[in-house]
Amino acid sequence: FKMCPGRVITKLVSSGEKEVDLAVQSAKAAFKIWSQMSGMERSRVLLEAARIIREQREEIATWETINNGKSIFEARVDIDISWQCLEYYAGLAGSLAGEHIQLPGGSFGYTRREPLGVCAGIGAWNYPFQVACWKAAPALACGNAMVFKPSPFTPLTVVRLAEIFTEAGVPKGLFNVVQGGAATGQFLCHHPDVAKISFTGSVPTGIKIMGMAAKGIKPVTLELGGKSPLIIFSDCALENAVNGALMANFLTQGEVCCNGTRVFVERKILDVFTKEVVKRTQKIKIGDPLLEDTRMGALINRPHLDRVQGFIKQAKEQGAEVLCGGDLYVPDDPKLKNGYYMQPCVLGNCTDDMTCVKEEIFGPVMSILPFDTEEEVVERANNTKFGLAGGVFTRDIQKAHRVVAALKAGMCFINNYNISPVELPFGGYKASGFGRENGRAAMEYYSQLKTVCVEMGDVESVF
């Protein structure tokens, strides 16, 4: 394996309407078999898929690094989260159950938790393999089939996931992959045999998908963008807060939807916090993401790199101060000279009305904003159309719980940031979407409830 920045490593054919239909029909046939298996039978297959991923961790992580550009260090974590996700839902597969309700006269009712059918998964390019597992694991655990479309920028590793599911023993066609861009996604969303759509990506695309789903009255899970607040109180453990700010801004080159990119710092520690963040940011090792000591790889492509650079340019024009980074980065290794690298950037002198503070940049750009009171910072933190995540650093645990309770965000962190245990639901408020990935909650979004009412006596007619 070796990195080839800026060069084509493979070409794939986009799936048209015919190919999408073939994938859906194949999944539909597999669903008839899979949905009739017991939860324990499905559990054993998912556990086998998890075992294969765990066994092939290094190879899959290497391909994910080539696929996306993130460091191999991070890619290994992504693969670990992926097999853990499959193991978690394997454990829940046998627990799907309804309830029994006693009714008058010996009659009774009961509920059944049933699969939806063929679900469409549409993934993002920042966590290609992990997002596919986040969607596939609960869907398959509930007895569904899935047709998955990865981002055209990161098409590779999801194909390996499909192969692994087949090796693990799922019915042929249960997890199918279609390749392509917006047109392929539209064919998938409009297909009459697709029962549900789960999408991870941008707000504008999410709006379009919601509109397409509405025409077929299909349920959707939308995990969209964010502009999340990270609140640093003066009574925090400073080193821990600095670590949290770096984790909240620079993982996967800053291309993370729940990143805490609006860093609100209590004024009395603003200078010391900012100084330490800048010092640590300047030490981040950028370069070949396959090297063990690299901590920041390349952005996804040239247009996205240019977009991030445009945000920094606009921030300076609006009065923000670049405290460090922001420039293009050219590694010493000549084979990396065409890579889409940039220096992680910290912006100071920011105000709430700046574009860099209001809009999702999706790159390694941190905006620091001072605040004075708890009431003030909560109001400012919530003054956004997004509501994906939020974080608080403080030693005062009462204040921590009080603040996160007031934050209008679906995923909140106290004295940590950007950890994603599969046991906990993940998803947003407001324009950041609805529905949940992970946790028991995801099972509700990949199943439907049937009520059965049983009469034990004669029907009393009112006619």
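The values are calculated or read from the model by the stated rules, or taken from the named source; none is laboratory data. As the structure is a prediction and not an experimental result, all values here were calculated from the model. Neighbour counts are summed over all protein chains in view; Cβ atoms, including those assigned to glycine, are modelled from backbone coordinates with ideal geometry. Calculation scope for accessible area: heavy atoms of the full protein, side chains included, ligands and nucleic acids excluded. Shrake-Rupley method; radii C 1.70, N 1.55, O 1.52, S 1.80 Å.
Would you work out which of Ala61, Val45, Val118 lies farthest towards the positive end of the dipole of segment 2-225? Charges go on Cβ: Lys and Arg +1, Asp and Glu -1.
Val118
Just to confirm a number: summing +1 for Lys and Arg and -1 for Asp and Glu over residues other than Lys285 whose beta-carbon lies under 9 angstrom from that of Lys285, what do you get?
Net charge around Lys285: +1.
By average Cβ neighbour count within 10 Å, what is the ranking of 425-437, 294-306 from highest down?
425-437, 294-306
Just the projected area, averaged over all directions, of the convex hull on the alpha carbon atoms of segment 347-400: how many nm²?
In nm², the orientation-averaged hull projection of segment 347-400 is 4.5.
List the lysines whose alpha-carbon lies under 17 Å from that of Lys11, not counting same-chain residues fewer than 8 positions away?
Partners found: Lys149.
Provide the descending list of Cα extents for segment 229-414 along its principal axes, expressed in whole angstroms.
Result for segment 229-414: principal-axis Cα extents of 52, 32, 30 Å.
Sorted by average packing, counted as other Cβ atoms within 10 angstrom per residue and highest first, what order do 371-382, 57-68, 344-355, 143-154 take? Each step should come with its number before you reach the end.
On the way: 371-382: 16.2, 57-68: 21.3, 344-355: 19.1, 143-154: 24.2.
Ranked from most to least packed, the peptides come out as 143-154, 57-68, 344-355, 371-382.
In Å², what does the accessible area per residue of segment 229-414 work out to with a 1.4 Å probe?
Heavy-atom SASA per residue in segment 229-414 reads 42 Å².
Can you tell me the accessible area per residue over segment 114-184, all protein chains present, probe 1.4 angstrom, in square angstrom?
Working: 1520 Å² over 71 residues.
So segment 114-184 comes to 21 Å² accessible per residue, rounded to a whole number.
State to the nearest 20 debye the size of the charge dipole of segment 6-73 about its Cα centre, where the only charges are +1 on K and R beta carbons and -1 on D and E beta carbons.
Working: 11 positive and 9 negative charges, 13 e Å.
About 60 debye.
Using only alpha carbon pairs under 8 Å that are at least six residues apart, calculate the relative contact order of the chain and give it in whole percent.
Working: 1006 pairs, mean separation 88.9, N = 463.
Contact order relative to length: 19 percent.
Using only Cα atoms, figure out Rg for segment 1-126 and give it as a multiple of 2.2 N^0.38 Å.
1.48
Provide the packing ranking of 213-221, 439-447, i.e. peptides ordered by the mean count of other C-beta atoms within 10 Å per residue, highest first. Each step should come with its number before you reach the end.
Working: 213-221: 15.1, 439-447: 20.3.
Top of the packing list down: 439-447, 213-221.
Within the chain, what whole-number % of the accessible surface is contributed by carbon and sulfur, with the 1.4 Å probe and all protein chains included in the calculation?
On the way: 10870 of 20100 Å².
With neighbouring chains kept in place, the figure for the chain is 54 percent.
As I understand it, the dipole of segment 2-225 uses +1 on the Cβ of Lys and Arg and -1 on the Cβ of Asp and Glu, about the Cα centre. Which of Phe153, Gln84, Ala137 lies farthest toward its positive end?
Phe153
Assigning unit charges at the beta carbon (Lys, Arg +1; Asp, Glu -1) and nothing else, what dipole magnitude in debye, to the nearest 20, does the chain show about its Cα centre? Numbers along the way, then the final one.
Details: 50 positive and 50 negative charges, 160 e Å.
With Lys and Arg at +1 and Asp and Glu at -1, about 760 debye.
Relative to the Cα centre, what is the charge dipole magnitude of segment 205-352, using +1 at the beta carbon of each Lys and Arg, -1 at the beta carbon of each Asp and Glu, and rounding to the nearest 20 debye?
Numbers: 19 positive and 17 negative charges, 106 e Å.
Rounded to the nearest 20 debye, it is 500 debye.
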